[in-house]
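Enquirer: Please see the structure below; I have some questions.
The values are calculated or read from the model by the stated rules, or taken from the named source; none is laboratory data. Keep in mind the model is a prediction, meaning the values are calculated, not measured. Cβ atoms come from the backbone with ideal geometry, glycine included; neighbour counts cover every protein chain shown. Quick note on the areas: whole protein, heavy atoms, side chains included, nothing else; ligands and nucleic acids left out. Shrake-Rupley method; radii C 1.70, N 1.55, O 1.52, S 1.80 Å.
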Amino acid sequence: MRVVLDTSVVVAGLRSQLGASNRALTLVAQRRCVPLVTTASFLEYEAVLMRPEQRLATGMKERDVEGFLAALASAAEPVELNFLWRPQLSDPSDEMILEAAVNGQAQAIVTHNIRDFQSAAELFSIKVMTPAALLKELKK
């Protein structure tokens, strides 16, 4: 399954080993789903994960974050933005996630903020699901 992971899912997956977000990251590591990334979305992952408060919460040092990002990059499929669809969403910072999904022909956007993406995702026929819903979908 080709998915775009919202930054909130990546962060939650590293902050807790018990949740669905962490299991979603495990599915990526196992190559059971392919994360689609643009340069902008990947740079956002890096910027957020490198924040001191995030590293404190995850217990990761800068080199640990770099190692995680390298592993994520090796599992990810890069997406080139041929078309910008802005504005579609109420939160401008979510636009890059939608653009990665549309340009990369994702099957789903995986996020904790379903409501923020729902109307635009329906317009482009992309599923919007929580990490828990992704796990259920991949069990089928």
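Enquirer: Does Ala100 count as at negative phi, in contact with a Cys (Cβ under 8 Å, 6 or more places away or on another chain), assigned to a helix (DSSP H, G or I) and crowded, with 19+ Cβ neighbours inside 10 Å? Break it down into steps so the answer makes sense when it comes.
Expert: Values: at negative phi: yes; in contact with a Cys (Cβ under 8 Å, 6 or more places away or on another chain): no; assigned to a helix (DSSP H, G or I): yes; crowded, with 19+ Cβ neighbours inside 10 Å: yes.
Here the answer is no, as Ala100 does not meet what is asked.
Enquirer: Filter the range 28-55 down to residues that are assigned to a strand (DSSP E or B) and aliphatic (A, V, I, L, M) and give me whichever is farthest from Glu80 (Cα to Cα). First the steps, then the outcome.
Expert: To start, the set of residues in the range 28-55 that are assigned to a strand (DSSP E or B) comprises 34-37.
With the extra rule that they be aliphatic (A, V, I, L, M), the set shrinks to 34, 36-37.
Numbers: Val34: 15, Leu36: 10, Val37: 9 Å.
By that ranking, first place goes to Val34.
Enquirer: Quick one: count up the residues across the range 22-45 that are in contact with an Asp or Glu (Cβ under 9 Å, 6 or more places away or on another chain) and of a type in the set (A, V, I, L, M).
Expert: Here the count works out to 4.
Enquirer: Still on this structure, please answer the following. Take the residues in the range 103-128 that are under 11 Å from the mean Cα position of the chain (by Cα) and outside any loop (DSSP other than H, G, I, E, B); name whichever of them is surrounded by the fewest Cβ atoms within 10 Å (Cβ to Cβ).
Expert: The selected residue is Ala108.
So that you can scan it fast, the table gives a plain yes or no per residue for (1) in contact with a Ser or Thr (Cβ under 7 Å, 6 or more places away or on another chain); (2) open to solvent by less than 20 Å² (accessible area, probe 1.4 Å); (3) not acidic (Asp, Glu):
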site	(1), (2), (3)
Arg2	no, no, yes
Ser8	yes, no, yes
Val28	no, yes, yes
Pro35	no, yes, yes
Arg55	no, no, yes
